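Novice: Got a structure for you, written out below as structure tokens; questions coming shortly.
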Amino acid sequence: MSARLAAGPMASGAHKPVRAPGEPPLFLHELIADAPPGARVLDAGCGPGSWRYGDRPDLDVVGFDVKFPPGPPPQSPRVSVLRADLARVPLRDGCVDLTVCHYVLEHVSALEPCCDELSRVTRLGGTLYLSVPRAASFDDRLYRFAGYFAKYALLKLGKRLEHQQRFDLDSLLGQFEARGFAAVALARVPAGFSWMNDARTKPLQGPFTEVLAWLHRVFALDLARDANVVLTLRKTGVPGARGTAVERRVTHVCRECGEHSVVDFEAPLPERWICPWCGKPNPLGRLR
């Protein structure tokens, strides 16, 4: 798989990632916005919903998960919510136009059957959206450490360790190229540490991200870089097919809403950038 870097304007400040004319959609909000009316969309491992289903009431959405701790997404005449396992999806072959798997694969116990099922339900010519943490990143290692600490140091021995699988871009591509998918677009996404919005870690999030920004600014130590992979693939039905994926630029992620941004300032750099999605301030280290 080769990648070409997407072009975009150099604006002063923070802006949403730029999609040039003719470029394929990559990010989840783009894929949902571009889906044709009546398209069938699968939200695999949906939790409370990977996006606001009501934004596109003309889509046929099926969401499922093994459990719904914050509650399932709201149902409607065109939204069905099921309790199901990603290793055994209760849908027929090739019935989905757009399959969304948003930060789910790292949590599964058995990776191969889950990848098989994502491939099976996606129609030929359909789109698969994937997002996963990169296992070598500081963010993912910290998340794993927090899980081990809670389980063993705090004696929560019945707690399931959340991140069961480890990924990098090549391993993720390999899983799905072997199943007849070709990459269309990708982004290497830094950490925003929005997972720390959990009530148990929220008091630590502000000081922690401030320290990370200071380390980046003063020592050029960037512990947030290349933390996640976002990828869209098209099902070609030809195993081993290599696509030329458009690589989109994301430089920062909001610690509050978790959305992607591109931050470009002229010197001197401010100590804060404002998220163009939610309007909340975030500490700024250096430009990426």
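Where a number appears in this text, it was derived from the coordinates with a stated rule and is not lab data. Owing to the predicted nature of the structure, the values given are computational and were not obtained by experimental measurement. Quick reminder, even Gly has a Cβ in these numbers, built from the backbone with ideal geometry, and neighbours come from all protein chains shown.
Novice: Quick one: net charge of Arg179's neighbours, Cβ under 14 Å, K/R +1, D/E -1?
Specialist: 0
Novice: Lys/Arg Cβ at +1, Asp/Glu Cβ at -1, dipole of segment 240-288 taken about the Cα centre: which of Cys275, Gly258, Thr244 is farthest positive-ward?
Specialist: Thr244
Novice: Helix-only mean residue ellipticity at 222 nm, the chain, DSSP H runs n ≥ 4 weighted -39,500 (n - 2.57), per residue, nearest 500. What is it?
Specialist: Roughly -6000 deg cm²/dmol at 222 nm, from the helical runs in the chain.
Novice: Relative to the present Cα-Cα distance, how much length would full extension add between Lys151 and Thr236 at 0.36 nm per residue of separation?
Specialist: Gain on extension, Lys151 to Thr236, equals 26.4 nm.
Novice: Roughly how big is segment 128-209's charge dipole about its Cα centre, with Cβ charges of +1 (Lys, Arg) and -1 (Asp, Glu), in debye to the nearest 20?
Specialist: Once rounded to the nearest 20, the dipole reads 400 debye.
Novice: Cβ under 12 Å from Leu128's Cβ, Leu128 left aside: what net charge do those residues give with Lys, Arg +1 and Asp, Glu -1?
Specialist: Value of the local net charge: +2.
Novice: Pairing rule first: another cysteine's C-beta must sit under 4.7 Å. Under that rule, which cysteines of the chain stay single?
Specialist: Flagged as lacking a Cys partner: Cys46, Cys95, Cys101, Cys114, Cys115.
Novice: Now for a separate question. Just need log10 I(q)/I(0) for segment 21-86 at q = 0.16, 0.21, 0.26 Å⁻¹, Debye formula, equal scatterers on the alpha-carbon atoms, no solvent, rounded to two decimals.
Specialist: -0.52, -0.84, -1.15
Novice: Work out, step by step, the length gained on full extension between Trp277 and Thr244: first 0.36 nm times the residue separation, then minus their alpha carbon distance; give nm to one decimal.
Specialist: The span from Trp277 to Thr244 would gain 8.9 nm if fully extended.
Novice: Got the relative contact order for the chain handy, in percent, Cα pairs under 8 Å and 6 or more residues apart?
Specialist: Relative contact order of the chain: 23 percent.
Novice: Given the peptides 242-250, 185-193, arrange them by the average over their residues of other C-beta atoms within 10 Å, most packed first. If you can, show how the numbers build up before the last one.
Specialist: Details: 242-250: 18.8, 185-193: 23.4.
Ranking, from highest mean packing down: 185-193, 242-250.
Novice: Where does the charge balance sit around Lys151 when Lys and Arg score +1, Asp and Glu -1, over other residues with C-beta under 11 Å from its C-beta?
Specialist: +3
Novice: Return the FRET efficiency for the residue pair Ser80, His15: r is the Cβ-Cβ distance, R0 is 35 Å, and the value is rounded to the nearest 0.05. Let's see the in-between values first.
Specialist: Numbers: r = 36 Å, r/R0 = 1.03.
My answer for the efficiency is 0.45.
Novice: Then there's this: For segment 78-170, how big is Rg over Rh, using alpha carbon atoms and the Kirkwood form of Rh? Numbers along the way, then the final one.
Specialist: Numbers: Rg = 15.7 Å, Rh = 15.0 Å.
Reported Rg/Rh, Kirkwood definition of Rh: 1.05.
Novice: While we're looking at this one, here's another question. What are the extents of the Cα atoms of the chain along their three principal axes, listed from largest to smallest and rounded to whole Å?
Specialist: Cα extents, longest axis first: 55, 52, 37 Å.
Novice: So how far, in whole Å, is the C-alpha centre of segment 12-33 from the one of segment 81-122?
Specialist: That distance is 25 Å.
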